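The values are calculated or read from the model by the stated rules, or taken from the named source; none is laboratory data. Note that the coordinates shown come from a computational prediction; the quantities given were computed from them, not determined experimentally. No Cβ is skipped: glycine too gets one built from the backbone with ideal geometry, and neighbour counts run over all protein chains shown.
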Amino acid sequence: MIYDPQIYTIEDKPEVPFISEKEIEVILEGALPEKEVVRNIIAKSLSKKRLSMQETAVLVNATDPGLIEEIKAGARLLKEQVYGKRIVLFAPLYVGNLCVNNCEYCGFRTSNKSQKRTTLTHPELIEEVEMLEEMGQKRLILVYGEHPKYTPEFIADTVKTVYKVKKGNGEIRRVNINAAPLDMEGFKTVLNAGIGTYQVFQESYHRGAYAKYHTGGLKKDYDWRISALDRAQEAGIDDVGIGALFGLYDWRFEVLGLIRHVNHLEAVYNVGPHTISFPRLQRASNVDFDPTWEVSDEDFTRMVAILRLAVPYTGLILTARESAEIRDEVLQFGVSQIDGGTKIEMKAYSEKEKDQDLDAEQFEICDDRSLSEVMDDLIENEYLPSFCTACYRTGRTGEHFMEFSVPGFIKRYCTPNAMLTLAEYLEDYGKNGIKEKGYRLIQKNLIELEDDKFKTRLEERLDRVKQGERDLYF
């Protein structure tokens with residue numbers, strides 16, 4: 001079947017659902033992964049040009065082992081060219097798990113009577129943030145169930161509280177949000193609290209699959225959810241994150257759904273999502289999985305590589321849902337942000353001896369390493385851990401971020417800023433030999449800088465960090 005955009009494509013307009021299942025199905029059906037075509041598409045991506053849905057579908061349909069290795073090799077090279085060895089770190093903090101939705105795969109669903117329901121009080125929230133600061137965290141994503149209690153005003157108040165908490169040299173400089181879709185006034189309210197990225201994951205871009213898994217609550221409205229980030233943009237939030245939960249439907253369809261979402265945001269608002277997330281289904285309290293669409297490790301790793309090639313300048317987030325081994329592998333192919341020291345039970349950071357309990361979690365995490373262990377492993381593998389938040393506080397977000405990143409300024413700004421935040425971490429929290437290893441890595445990256453004048457400025461700021469100054473950036 002020949003793909004004709006005039007027949008299958010829904011016109012991009014603000015707050016109008018844009019996914020056509022037929023469009024994606026026809027594109028997938030017609031994408032033939034011939035070797036030279038695949039290689040030309042990889043070459044296009046390496047020239048820093050975003051791929052079309054049709055080109056992405058060709059990579060998705062490539063099953064030849066040799067071509068898959070070429071796709072992964074291309075993704076490795078592209079990541080090095082755009083991001084260098086920098087990896088941004090953050091931590092999730094669950095504020096409340098009350099929920100009116102009934103998502104079949106989620107431990108928070110309203111029908112799960114085994115779930116232990118909690119909303120952090122003001123003192124409990126402060127205590128959790130203090131513990132995260134003592135670990136060295138600087139960037140948080142606050143997570144909320146969908147419930148009338150979690151109003152935009154409630155979310156905004158928790159954000160303001162987090163920013164006010166200071167413990168020693170610790171402070172949170174960036175608060176992202178993962179919460180329910182809001183109306184435009186609600187998005188304006190949380191924007192005024194100083195949030196960073198607002199994430200709304202579509203879970204599945206396929207209407208039939210979406211309806212199957214979302215049987216109750218506000219979330220069952222596919223159109224309200226898929227138009228959420230349009231309302232965020234209309235409200236002035238130009239930094240948004242999209243995602244799909246892999247395992248609910250054909251992963252190939254979901255990849256094209258993500259790319260179609262990127263296309264829509266760029267067409268209507270002239271800026272795509274800041275981040276893309278691609279979690280896989282994991283065990284959850286009283287959940288029985290349908291294995292029909294389970295994504296294998298092999299397909300998952302190549303899917304990450306394909307996403308990197310498809311959207312060269314979009315951040316890719318990989319969470320502790322995945323094992324340390326899988327995370328280590330796909331860091332090579334394009335992941336630019338990971339969480340570290342993750343705990344997703346309510347009050348888990350302050351209750352140090354708490355063991356994992358599925359009845360107190362949204363899902364099971366598979367990487368339970370502490371932040372210091374994650375930092376140590378990254379440094380050992382010569383990745384440059386970063387807690388940088390400079391772009392968000394200097395206005396390099398949304399369309400402006402793309403102006404900086406597309407010409408390659410990510411490496412010019414982000415690598416030096418990563419070194420400065422790493423030096424902060426080493427001075428304030430570096431233990432058990434990590435300080436020495438970390439400074440060796442910083443020195444290695446300094447040597448690789450080509451601009452001698454800029455290197456001198458960076459060395460001067462690194463010295464100021466050692467003397468006790470904090471929050472220096474370019």
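Note down all Cβ pairs under 7 Å where the first residue falls in the range 177-192 and is of a type in the set (K, R), the second is assigned to a loop (DSSP other than H, G, I, E, B), and they're at least six residues apart or on different chains. Final answer for the pair search is K188/G236.
Evaluated against (1) free of Cβ contacts under 8 Å to residues at least 40 places away in the same chain; (2) surrounded by 23 or more Cβ atoms within 10 Å (Cβ to Cβ); (3) over 19 Å from T119 (Cβ atoms), K166 falls short on exactly one condition, (2). Within the range 203-257, the set of residues being surrounded by fewer than 23 Cβ atoms within 10 Å (Cβ to Cβ) and in contact with a Gly (Cβ under 7 Å, 6 or more places away or on another chain) comprises D238, D239. Close contacts from the range 111-140, counting a first residue that is assigned by TED's automatic domain parsing to the domain that holds G217 and of a type in the set (V, I, T) and a second that is assigned to a loop (DSSP other than H, G, I, E, B) and surrounded by 19 or more Cβ atoms within 10 Å (Cβ to Cβ), with Cβ to Cβ under 7 Å and a gap of 6+ residues or different chains, come to T118/N97; T118/M346; V129/I172. When A324, A305 are screened for being within 26 Å of E373 (Cα to Cα) and buried (at least 20 other Cβ atoms within 10 Å of the Cβ), only A305 passes.
Scanning the range 161-180 for residues that are out of contact with any Leu (no Cβ under 8 Å at 6 or more places or on another chain), at negative phi and not in a strand (DSSP E or B) yields a total of 5.
Number of residues in the range 26-49 that are touching a residue at least 24 places away in the same chain (Cβ under 8 Å) and of a type in the set (S, T, Y): the value is 1. Taken over the range 411-438, residues that are surrounded by fewer than 20 Cβ atoms within 10 Å (Cβ to Cβ) and either touching a Phe, Trp or Tyr at 6+ places or on another chain (Cβ under 6 Å) or of a type outside the set (S, T, N, Q) (or both) amount to 11.
Could you tell me whether T158 is buried (at least 20 other Cβ atoms within 10 Å of the Cβ) and either touching a helix residue (DSSP H, G or I) at 6+ places or on another chain (Cβ under 9 Å) or at pLDDT below 95 (or both)? It is true that T158 is buried (at least 20 other Cβ atoms within 10 Å of the Cβ) and either touching a helix residue (DSSP H, G or I) at 6+ places or on another chain (Cβ under 9 Å) or at pLDDT below 95 (or both).
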